[in-house]
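Single-structure report; data block below.
The values are calculated or read from the model by the stated rules, or taken from the named source; none is laboratory data. Here the structure is a predicted model, which is why all the values come from computation and not from measurement. Cβ sites come from the backbone with ideal geometry, for glycine too, and all protein chains shown count toward neighbours. Protein only, heavy atoms only, side chains kept; ligands, DNA and RNA dropped before computing areas. Shrake-Rupley method; radii C 1.70, N 1.55, O 1.52, S 1.80 Å.
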Amino acid sequence: MRTRIVLLALLALLVAATLWWFRPWSPYSPSAMTRLFHPEYRLDNFRAMERVFPYTTLKASDTPRPFPRAAQPGSLPETFTYQGETVDTQEFLERTETTGLMILRAGEIQMEEYFQGTDPTSRLTSWSMAKTVVSTLIAMAWADGLIDSLDDPVRQYVPELDGKAYGDVTVHDLLRMATGIDFDETYHDHFSDINQLFYRVFLFGHSAREVVANRPAAGPPGERFHYISPNTQVLAWVLEAATGERLSDYATRRLWQPLGMEDDALWNLDQHGDELGFCCLNATLRDYAKLGQLHLQQGVWDGEALLPDNWVFDATRRPEPWLAAGHGYAERGYGYHLWTPENPDGEYFFNGVWGQTIWIDENADVVIVKTSVDPEFRAHTGEMIAFMRGVTAHY
């Protein structure tokens, strides 16, 4: 009798665990999430993240503004140079598993190409390019007078973080990824902090805010560059507290509407309904290009200044020596959630894992968007920069 009871209890536990893992009542089961980066599913997931995680919608503009097309279609250079070697452009695009490529010059579409089954309607995921969108919105909130000073401590806007390490960090420190917070962003280590964050948020249903709120300090803020995703999640928390609007609503009102975005975008949520500010904005190539063009135009759109004076300059030309290339990343430096190449000349870029990039070259009046599903994106970063410079020189 006792054996039967034990067996029944074990069976009940097995059934409960199976139901929890597959969750037939919900499209967002842990089993589906564990297949996010699997080679068989990665391409489809990256262009349909609404099938993997909950989401909210940023509505397309009421007055969409398509980019004009150049009178003569542009082309790509057949080759470019990287580390003294000639690289075949088409081979590079294939090797980096490119899904979309758009080139703007002087605000006109020179080239728009889609690969691996994507098309102009595909909402392609951004990963950490979303971080730059959050910092752009912070600039707008500052311009709106909703953030008093970038030197304000986080606790001034998020009282829940008072008494915690993040509470003493300033908005400025968050923007520069210089918070001194202890966190390991090593993606290839299954036990790193970033992967633990994903497990807790996506598999076990914890709040992203809850996961990042109690991170301890490893050193003083404002002294060292250390790129970590929780900084942007806290920055998004500050933004929502300052504006009184959820991240996606503020983004819709201050970016998607005035920039004339042509398509709805999606921003993925944790299971508590909060946007994942450090990643997971999903938009079309043409709308990503508008974000780049806004920065190229120094925050001015249709004659209206959407960003504070000198914001783009200050965000991309930081004087701190520890933000220059070689301090954390060999091929690139950092600013206010914007990357700069080594020896920049009016060049900077949004960047996300798996090969997502919005490249801006002010001197050439060029914006390039490249989306990918590249598992070797880290090794290809320097080559990607060389590709962008090669394409820009071609125009």
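Values for this structure:
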read-out	value
Principal-axis tilt of helix 2-22 within the chain, Cα atoms, nearest 10 degrees	20 degrees
Distance between segment 226-267 and segment 29-81 - C-alpha centres, whole angstrom	18 Å
Average accessible area per residue (Å²) across segment 260-395 - probe 1.4 Å, nucleic acids and ligands excluded	31 Å²
Per-selection metrics, the chain (Cα): Rg and Dmax in Å	21.6, 84
Binned Cα-Cα distance frequencies in segment 88-214 - 10 Å width, integer %	10, 26, 29, 23, 12, 0
Amide H contacts of Thr79 (H built 1.01 Å from N, under 5 Å, at least 5 apart or other chain)	Thr89
Span from the segment 323-373 Cα centroid across to the segment 141-205 one, whole angstrom	22 Å
DSSP-assigned coil residues among trypsin sites (Lys or Arg not before Pro) in segment 95-172, each with at most 10 further Cβ atoms within 10 Å	none
Per-residue HN-Hα couplings for segment 273-278 [Karplus 6.51, -1.76, 1.60; θ = phi - 60°; Hz; x = Gly/Pro]	x, 9, 4, 7, x, 7
Whole-Hz ³J(HN,Hα) from phi, Karplus 6.51 cos²θ - 1.76 cosθ + 1.60, for segment 140-151, glycine and proline x	5, 5, 5, 5, 6, x, 8, 10, 5, 8, 5, 8
Value of [θ]222 nm, deg cm²/dmol, for the chain, DSSP H segments ≥ 4, -39500 (n - 2.57) each, nearest 500	-9000 deg cm²/dmol
Magnitude of the charge dipole, segment 136-289, Cβ model with Lys/Arg +1 and Asp/Glu -1, debye to 20	60 debye
Principal-axis tilt of helix 285-296 within the chain, Cα atoms, nearest 10 degrees	60 degrees
Cα-based helix-to-principal-axis angle, 229-243 vs the chain, degrees rounded to 10	80 degrees
Cα radius of gyration and Dmax for segment 223-349 (Å)	15.6, 43
Net charge, Asp144 excluded, C-beta distance under 12 Å - Lys, Arg +1, Asp, Glu -1	0
